[in-house]
Amino acid sequence: MRYLDIGAVSARSGIKPSALRHYEAVGLIASVSRHGLRRQFLPEVLLQLKLVSMGKSAGFSLEEIAGMFGKNGLPDLPRAALHQKADEIDRQIRELMALRNTLRHVADCSAPSHMECPTFRRLVNVAGRRSGKHTDSKRGLA
């Protein structure tokens, strides 16, 4: 069987060797041997790294991602957690779209002063309520 050393994995995946060593330390990937001081990996590690990248992009922690791999290193994806994360992303999209719309309104508003614009004042009040809710929920207050 042909192994990939850490340099080849880094070159093919675009992930720095230091990150690969960290991923191995937290159990995301596993080297199968060493050639001198260089870790050797099965070619399947490239798929695992793509899944790790996708999980990080979706907002999963490295610990959560590590739990998505079975003992054999193959993905064992928890469908309920994926649905929950997709719901969170939908919420973020809605909030970002509202923010975008607010910014566009502020940029295009014809009122002499933004504080004279009832739409702007309403949007600021709504944004303030949402902002406080996120801060409180992060502190465990909501």
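The values are calculated or read from the model by the stated rules, or taken from the named source; none is laboratory data. No experiment lies behind these values; they were computed from the predicted model shown. Here the Cβ is made from the backbone with ideal geometry for all residues, glycine too, and neighbour counts use every protein chain on show.
Restricted to the range 100-118, and to residues there that are among the hydrophobic types (A, V, I, L, M, F, W, C) and assigned to a helix (DSSP H, G or I), the residue that is nearest to ALA58 (Cα to Cα) is LEU103.
Looking at the range 22-47, which of the residues that are of a type in the set (D, E, K, R) and under 20 Å from PRO75 (Cα atoms) is surrounded by the fewest Cβ atoms within 10 Å (Cβ to Cβ)? It would help to see each step written out before you state the result.
Step one: list which residues in the range 22-47 are of a type in the set (D, E, K, R), which gives 24, 34, 38-39, 44.
Then keep just the ones that are under 20 Å from PRO75 (Cα atoms); that gives 24, 44.
Working: GLU24: 16, GLU44: 13.
Per the stated criteria, the residue is GLU44.
Report, by residue number, each residue of the range 110-125 that is within 14 Å of LEU99 (Cα to Cα) and not aromatic (Phe, Trp, Tyr). Give the derivation first.
Within the range 110-125, the subset within 14 Å of LEU99 (Cα to Cα) is 119-125.
Listed by number, the residues that qualify are THR119, ARG121, ARG122, LEU123, VAL124, ASN125.
Scanning the range 66-82 for residues that are in a loop (DSSP other than H, G, I, E, B) and not charged (D, E, K, R), we see that the one that is modelled with the lowest pLDDT is GLY73. For the range 1-28, a tally of residues being without any contact (Cβ under 8 Å) to a residue 12 or more places away in the chain and not in a loop (DSSP other than H, G, I, E, B) returns 8. What about LYS85, is it assigned by TED's automatic domain parsing to the domain that holds ILE15 and either without any contact (Cβ under 8 Å) to a residue 60 or more places away in the chain or not in a loop (DSSP other than H, G, I, E, B) (or both)? Against the criterion (assigned by TED's automatic domain parsing to the domain that holds ILE15 and either without any contact (Cβ under 8 Å) to a residue 60 or more places away in the chain or not in a loop (DSSP other than H, G, I, E, B) (or both)), LYS85 does not qualify. Note on the range 1-20: residues that are surrounded by 14 or more Cβ atoms within 10 Å (Cβ to Cβ) and among the charged types (D, E, K, R) amount to 1.
MET97 - would you say it is outside any loop (DSSP other than H, G, I, E, B) and modelled with pLDDT under 85? I'd like the intermediate steps shown before the answer.
Working: outside any loop (DSSP other than H, G, I, E, B): yes; modelled with pLDDT under 85: no.
No; evaluated as a whole, the condition is false for this residue.
Condition first: exposed (fewer than 12 other Cβ atoms within 10 Å of the Cβ) and either in contact (Cβ under 8 Å) with a residue 24 or more places away in the chain or hydrophobic (A, V, I, L, M, F, W, C) (or both). Now tell me which residues in the range 51-73 satisfy that. Scanning the range 51-73 gives MET54, GLY59, GLU63.
Report, by residue number, each residue of the range 74-97 that is basic (Lys, Arg), exposed (fewer than 12 other Cβ atoms within 10 Å of the Cβ) and within 28 Å of ALA30 (Cβ to Cβ).
Taking the range 74-97 as the starting set, the residues that turn out to be basic (Lys, Arg) are 79, 85, 91, 94.
This time we only want the ones that are exposed (fewer than 12 other Cβ atoms within 10 Å of the Cβ), so: 79, 91, 94.
Once the filter is applied, which keeps residues that are basic (Lys, Arg), exposed (fewer than 12 other Cβ atoms within 10 Å of the Cβ) and within 28 Å of ALA30 (Cβ to Cβ), the range 74-97 yields only ARG79.
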